[in-house]
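Written out below as structure tokens is the structure these notes cover.
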Amino acid sequence: MKLLTHNMLSCHIKNVRNGYPFLIEVVKVSEHEADFDPDFLKHIFPRINWPAFLQGAQSLGCREGLPEEAAESMLEDEGFLKRFHHALLEVFLEEGSLVCPETGRKFPVTKGIPNMLLNEDEC
Amino acid sequence: MGKGERPEHMAPPDIFYNEDEARKYTTNSRMINIQSTLTERALELLALPQDGLPRLLLDLGCGSGLSGEALSEAGQVWVGLDISAAMLDVAHEREVEGDLVLGDLGHGLPLRPGSFDGAISISAVQWLCNADRAGHDPRKRMKRFFETLYMSLRRGARAVLQIYPENHKQAEMLVAAAMKVGFSGGLVVDYPHSTRAKKYFLVLMVGTSISVPTAKGLDGGEPEDEEEEAAAEHVQVAGRDRNKRRRTGSGKGDGKGREWVLRKKEQMRKKGYDIAPDSKYTARKRKRVV
Ligand SMILES: C[S@@+](CC[C@H](N)C(=O)[O-])C[C@H]1O[C@@H](n2cnc3c(N)ncnc32)[C@H](O)[C@@H]1O
């Protein structure tokens with residue numbers, strides 16, 4: 001699971017109000033190269049919840065070089081784009097868990113796939 | 001497809017799409033053609049701006065990634081969700097580009113508002129019309145699915161869901177459920193006059209109400225090029241394959257029966273999957289709402 005996906009996931013347990021962002025518990029992280037596409041990065045940037053992204057990057061160990069706050073103007077900086085690209089699309093949570101910030105419910109991640117199935121009493 | 005041959009009648013999706021089925025499904029070149037043709041048509045109906053920019057899309061019921069691969073080929077970025085761990089395992093092995101999530105559409109999508117530029121679903125959403133477990137209420141599951149889908153899309157975005165409804169009523173029930181949560185749009189039926197080529201696409205829009213796109217083959221025509229021909233044969237091929245397996249499988253010709261399902265469930269449990277306990281409902285004839 002990429003941090004791009006982590007940024008979009010939110011806990012869907014019934015009646016949970018503050019299910020975003022998931023905390024990440026890491027067992028294994030991997031890296032795979034992805035095509036560098038500045039156009040896509042610029043397209044998606046305004047939608048990225050930056051604090052959630054930083055929190056995720058911190059957990060996956062790729063926080064370094066990412067600014068505390070992000071502004072649209074940084075997209076002109078190639079160096080920033082490269083680091084953003086790397087953390088967003090090239091670092092993967094392989095094994096671990098996503099933890100709902102409200103309930104503490106853990107959703108296991110195996111082979112990079114988060115298991116978001118709910119129990120009957122959660123839906 | 002005749003009665004009793006639909007996968008939706010045989011077992012819940014996470015049981016039906018087991019390891020065997022997932023592998024067979026994904027290596028069948030005919031199936032690959034059909035699913036990518038359907039995906040290309042869905043993309044056409046999604047009507048993304050033609051500016052060469054990759055969009056972030058959802059693939060709902062992504063399975064082993066056949067539809068997703070067609071999205072990648074079209075230069076799109078995607079996240080896929082499916083209820084079958086076996087299908088997702090095959091997708092993972094094949095190193096598809098999209099991220100994968102194990103989830104049940106009927107539980108609603110675990111997504112934050114306004115996160116996606118569009119959604120497609122190929123041959124999956126008709127499963128929501130069945131009550132697969134004790135306590136399943138198809139109407140409630142559809143509502144949950146559509147309301148969370150609506151929320152997860154950006155304004156002006158579309159969702160195109162290709163479905164195999166059992167009858168027109170099922171299709172209409174899905175449309176009604178979608179409209180109720182705020183979507184506009186409706187059903188596009190390609191080749192409506194052809195029993196073989198007929199294809200249903202639910203075309204849904206968020207926050208705009210432009211008219212529903214035009215279907216293909218309204219003049220009574222049939223698909224012309226080879227790939228569409230393949231898509232046209234989907235139903236028959238699927239029926240034939242299944243008949244064959246049935247005959248060779250149990251030897252009794254009554255499909256994957258209760259015993260088979262119980263065995264499968266036990267196997268899945270041993271592998272550590274969280275499988276519903278067996279009950280009198282297990283592998284019973286599936287109840288449908290319409
Ligand atoms: C015919 S396959 C299509 C897979 C893929 N879209 C393709 O084009 O190859 C249908 C898929 O829908 C999935 N499915 C059925 N019901 C589902 C549900 N309630 N939630 C998520 N996925 C579901 C099945 O597990 C299966 O992988």
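The values are calculated or read from the model by the stated rules, or taken from the named source; none is laboratory data. Treat the numbers as computed from the prediction; the structure is a model and nothing was measured. Heads up, the Cβs are rebuilt from the backbone with ideal geometry, glycines too, and the neighbour counts pull from every protein chain shown.
Between a first residue in region A:35-51 that is without any contact (Cβ under 8 Å) to a residue 24 or more places away in the chain and a second residue that is of a type outside the set (D, E, K, R), which pairs have beta carbons less than 6 Å apart while being 6 or more apart in sequence or on different chains?
A:Asp39/B:Leu53; A:Phe40/B:Pro54; A:His43/B:Leu53; A:Trp50/A:Ala70
Assess whether B:Ser72 counts as being over 15 Å from the mean Cα position of the chain (by Cα), facing another protein chain (nearest Cβ under 9 Å) and without any contact (Cβ under 8 Å) to a residue 60 or more places away in the chain.
Values: over 15 Å from the mean Cα position of the chain (by Cα): yes; facing another protein chain (nearest Cβ under 9 Å): no; without any contact (Cβ under 8 Å) to a residue 60 or more places away in the chain: yes.
Considered against the rule, which asks whether it is over 15 Å from the mean Cα position of the chain (by Cα), facing another protein chain (nearest Cβ under 9 Å) and without any contact (Cβ under 8 Å) to a residue 60 or more places away in the chain, B:Ser72 comes out as no.
Kindly indicate which of B:Gly118, B:Gly135 is within 16 Å of B:Gly61 (Cα to Cα), outside any helix (DSSP H, G or I) and away from the ligand (no atom under 11 Å from the Cβ).
Values: B:Gly135 fails: within 16 Å of B:Gly61 (Cα to Cα).
One residue alone meets the criteria, B:Gly118.
Does B:Gly80 count as within 13 Å of another protein chain (Cβ to nearest Cβ), surrounded by fewer than 24 Cβ atoms within 10 Å (Cβ to Cβ) and either under 21 Å from A:Gly112 (Cα atoms) or more than 8 Å from the ligand (Cβ to nearest atom) (or both)? Break it down stepwise before answering.
Working: within 13 Å of another protein chain (Cβ to nearest Cβ): yes; surrounded by fewer than 24 Cβ atoms within 10 Å (Cβ to Cβ): no; either under 21 Å from A:Gly112 (Cα atoms) or more than 8 Å from the ligand (Cβ to nearest atom) (or both): yes.
Spelling it out, it is not the case that B:Gly80 is within 13 Å of another protein chain (Cβ to nearest Cβ), surrounded by fewer than 24 Cβ atoms within 10 Å (Cβ to Cβ) and either under 21 Å from A:Gly112 (Cα atoms) or more than 8 Å from the ligand (Cβ to nearest atom) (or both).
Per-residue answers, yes or no, for (1) at pLDDT 95 or above; (2) more than 8 Å from the ligand (Cβ to nearest atom); (3) among the charged types (D, E, K, R):
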| position | (1), (2), (3) |
| --- | --- |
| B:Arg6 | no, yes, yes |
| B:Ile15 | no, yes, no |
| B:Gln35 | yes, no, no |
| B:Arg41 | yes, yes, yes |
| B:Leu45 | yes, yes, no |
| B:Gly61 | yes, no, no |
| B:Ala86 | yes, yes, no |
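Could you list all residues from region A:95-111 that are within 15 Å of B:Ser84 (Cα to Cα) and in a loop (DSSP other than H, G, I, E, B)?
Of everything in region A:95-111, just one residue is within 15 Å of B:Ser84 (Cα to Cα) and in a loop (DSSP other than H, G, I, E, B), namely A:Lys111.
Can you give me the ranges of the strands (runs of 3 or more DSSP E) entirely in region B:1-110 with at least 1 residues that are of a type in the set (Val, Ile, Thr), touching an Asp or Glu at 6+ places or on another chain (Cβ under 9 Å) and on the phi < 0 side of the Ramachandran plot? Before you say what the answer is, go through the steps one by one.
On the way: elements: B:56-60, B:77-82, B:99-102.
Of the strands (runs of 3 or more DSSP E) lying wholly inside region B:1-110, those with at least 1 residues that are of a type in the set (Val, Ile, Thr), touching an Asp or Glu at 6+ places or on another chain (Cβ under 9 Å) and on the phi < 0 side of the Ramachandran plot span B:77-82, B:99-102.
Sort through A:Ser10, A:Ser73, A:Ser30, A:Ser97 and tell me the only one that's polar (S, T, N, Q) and away from chain B (no Cβ under 14 Å).
A:Ser73
Could you list, in sequence order, all residues of region B:39-70 that are of a type in the set (A, V, I, L, M, F, W, C) and out of contact with any Phe, Trp or Tyr (no Cβ under 9 Å at 6 or more places or on another chain)?
Selection gives B:Leu43, B:Leu46, B:Ala47, B:Leu48, B:Ala70.
Check off (1) at the interface with chain A (Cβ under 8 Å from one of its Cβ atoms); (2) among the acidic types (Asp, Glu); (3) within 9 Å of the ligand (Cβ to nearest atom) for B:Asp99 and give me the number that stays unchecked.
If we test B:Asp99 against (1) at the interface with chain A (Cβ under 8 Å from one of its Cβ atoms); (2) among the acidic types (Asp, Glu); (3) within 9 Å of the ligand (Cβ to nearest atom), just (3) comes out false.
Could you grab me the full set of residues in region A:47-74 that are in a loop (DSSP other than H, G, I, E, B), closer than 20 Å to A:Thr5 by Cα and aliphatic (A, V, I, L, M)?
A:Ile48, A:Leu66, A:Ala70
Could you grab the pairs with beta carbons closer than 7 Å, sequence gap of 6+ or different chains, first residue in region B:40-67 and away from chain A (no Cβ under 12 Å) and farther than 30 Å from B:Pro12 by Cα, second one of a type outside the set (S, T, N, Q) and not in a loop (DSSP other than H, G, I, E, B)?
Listed pairs, sorted by first residue: B:Ala47/B:Arg158.
When residues of region A:19-39 are filtered for being closer than 13 Å to A:Glu90 by Cβ and of a type outside the set (D, E, K, R), how many remain? Don't jump to the end; show me each part of the working.
Taking region A:19-39 first, the residues closer than 13 Å to A:Glu90 by Cβ are A:29-37.
Checking the rest, the ones that are also of a type outside the set (D, E, K, R) come to A:29-30, A:32, A:34, A:36.
Qualifying residue count for the region: 5.
Does A:Leu54 fit the bill of being touching a Leu at 6+ places or on another chain (Cβ under 8 Å) and either among the acidic types (Asp, Glu) or within 18 Å of A:Leu98 (Cβ to Cβ) (or both)? Steps first, please.
Numbers: touching a Leu at 6+ places or on another chain (Cβ under 8 Å): yes; either among the acidic types (Asp, Glu) or within 18 Å of A:Leu98 (Cβ to Cβ) (or both): yes.
Yes.
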